[in-house]
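Input: a single structure, listed below in structure tokens.
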Amino acid sequence: MKTKVFIDGSEGTTGLRIHERISVRDDIELLTIDPEKRKDPEERSRLINASDITFLCLPDAAARESAALATGENVVVIDASTAHRTEAGWAYGFAELSKGHREAIKNGKRIAVPGCHATGFISLVYPMIAGGMMPSDYPVSAFSLTGYSGGGKKMIAAYEDADKKNDLFAPREYALTQQHKHLKEMKAITGLDRLPLFSPIVDDYYSGMLVTVPLYTDLLKGATLEGVREYFKEYYKNERFITVADAEDEAAASGFLSGNTFSGYDGLKIYVTGNDERILLSSHFDNLGKGASGAAMQCMNIVLGCAEDKGLNL
């Protein structure tokens, strides 16, 4: 019997990507809504409760409204918005962080997909704190380089306009007030005592993300460059979606990491570079893949008990 899936908000970037991925699967029956009834709560409620799994690809307020419509006891809701990522009763959809995270996704009825910037940041900081290598009061900072697709339809249109403004040809730093919406989950999921200093940068390419956390080893516990690299390799050694680069990795050895390298890829690669005094932890992935629709699909696969990478590009 096919799994019935409904996508609430299938017109946005993440919703469209999930729709594309699901439409080619022979184990899924996709429930669709009449375009004229997209905002009709009764019709959305009917489809949500007729589904086995509903994806929410909506603004936060709308996602909360739709989650409340899921009254069927067997309906699994996978929310790609920011709304529920730190909410009690919602599993955080980053299975690689721990056995407990994967089990919570497998057995949960409410699953929150991590934010794209948060995915890169948490993949680096969570293991450091969990393993006792980084104290929770470490003054963490990070920067993130992303393609413009993460900004949604309006930003995509601005960057792809034939007469786009001159400043869109160069990297642009944003969230200057230190109020980025992913900060809350960055702190809560990793166990940091305070919010990190975070500087995201959007550039003139479609998709791909590079998140970097710089560290002073004298503020860590017995850390060396090679020791940290080997720690990450051990931490993620059995994970299909996450790899850790060797010291001789071609990209790192070149002295450059490009933000768009993993566009279209659903995995994530970690680099540990620098020296024994100052280390750079870098997480490299696609903001539309492991940072959005790819992570949502992985969560669905875990719920269904099939291969985690089914229908994904690794």
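A simple count of charges around PRO139, restricted to other residues whose Cβ falls under 11 Å of its Cβ and scoring Lys, Arg +1 and Asp, Glu -1, yields -1.
The separation of the range 255-295 from the range 196-245, counted between C-alpha centres, amounts to 8 Å.
Name the chymotrypsin sites (Phe, Trp or Tyr not before Pro) in the range 228-299 that are in a loop by DSSP and that have at most 13 other C-beta atoms within 10 Å, would you?
Filter output for the range 228-299: PHE256.
Of the labelled figures (1) 41, 21, 17; (2) 46, 22, 18; (3) 33, 23, 18, only one reflects semi-axes √(5λ) of the Cα gyration tensor in Å as derived from the coordinates, namely (3).
Summing Lys and Arg as +1 and Asp and Glu as -1 over all other residues whose Cβ lies under 12 Å from the Cβ of SER81 gives a net charge of -3. Only DSSP H runs of four or more residues enter the estimate; each adds -39500 (n - 2.57), and after division by the residues of the chain the mean residue ellipticity at 222 nm equals -9000 deg cm²/dmol. Contact order for the range 164-314, expressed relative to its length and based on alpha carbon pairs under 8 Å spaced 6+ residues apart, stands at 23 percent.
Pairs spanning more than 24 Å between alpha-carbon atoms, out of LYS4/LYS37; LYS4/LYS184; LYS4/LYS109; LYS164/LYS269; LYS39/LYS165; LYS2/LYS154: LYS4/LYS184; LYS164/LYS269; LYS39/LYS165; LYS2/LYS154.
In the range 250-309, Cα pairs under 8 Å separated by at least six residues give a relative contact order of 27 percent. How tilted is helix 116-130 with respect to the longest principal axis of the chain? Cα atoms for both, answer in degrees (0 to 90, nearest 10). Taking Cα atoms only, the helix is inclined about 50 degrees. Helix 60-69 and the long axis of the chain differ in direction by around 50°, with both axes built from C-alpha atoms. Against the chain, whose longest principal axis comes from its Cα atoms, helix 13-23 is set at around 70 degrees.
Read the figures in this text as sums done on the coordinates, not as results from a lab. As the structure is a computational prediction, the values presented were derived from the model and not from experiment. Glycine gets a Cβ as well: all are built from the backbone with ideal geometry, and neighbour counts include every protein chain shown.
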